[in-house]
1. Under 9 Å by Cβ, and 6 or more places apart or on different chains, what pairs join a residue from the range 8-34 that is outside any helix (DSSP H, G or I) with one that is of a type in the set (S, T, Y)?
2. For the range 13-29, which residues satisfy the criterion of being loosely packed, with under 14 Cβ neighbours inside 10 Å and not polar (S, T, N, Q)?
3. Can you confirm whether S19 is modelled with pLDDT of 85 or more and over 19 Å from M2 (Cα atoms)?
4. Taking the range 41-77 on its own, how many of its residues are modelled with pLDDT of 80 or more and in contact with a Leu (Cβ under 8 Å, 6 or more places away or on another chain)?
5. Among the residues of the range 80-115, what is the count of those that are open to solvent by less than 70 Å² (accessible area, probe 1.4 Å) and of a type in the set (S, T, Y)?
Amino acid sequence: AMAGAALRRALKALTLLLSTAPVGQQHLIDSGGLALLDRLVQSPQAPGMAATAPQSLQDTALRDDVQRHALRILANLSTNPAAYPALTGRDTATPGARDWRPWIQTCACHGVDRKMRAYAARALYNLDAFKAAGIEDEPT
């Protein structure tokens, strides 16, 4: 329970820090923050929790919170054209860079709540706007 609460607080703080700071967004990408985010959203449990623990309502709530914060972070990152290559898998040198769009699309359609679906839709909108503007054609 403590590990889950600490993880929630850390993700919330990270989300707030990245919401308006392009320099912080780039630092997160360059330092491998996407790899950590990828690991968190792929794992059914928070790091440090026993892998054999039963899936309880609390574990499900934690997973949903982690995914919601991850989507909010990705939505914030998706406003930065420099993040486009890392979020679409075009940048193979950055740790954690992969094509996040399929996961984001799944969340946009099947997110557990309105906020999750809204963050996912915002991220997809921004990524599609950069694609339409030709950002993907620029060298990375």
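The values are calculated or read from the model by the stated rules, or taken from the named source; none is laboratory data. The structure presented is a predicted model; accordingly, all values stated were derived computationally and were not measured. Cβ: placed from backbone, ideal geometry, glycine included. Neighbour counts: every protein chain shown. These accessible areas exclude ligands, DNA and RNA; they are computed on the full protein's heavy atoms, side chains included. Shrake-Rupley method; radii C 1.70, N 1.55, O 1.52, S 1.80 Å.
1. G32/T94
2. Matches in the range 13-29: A13, L16, V23, H27.
3. It is false that S19 is modelled with pLDDT of 85 or more and over 19 Å from M2 (Cα atoms).
4. 9
5. So the answer is 3.
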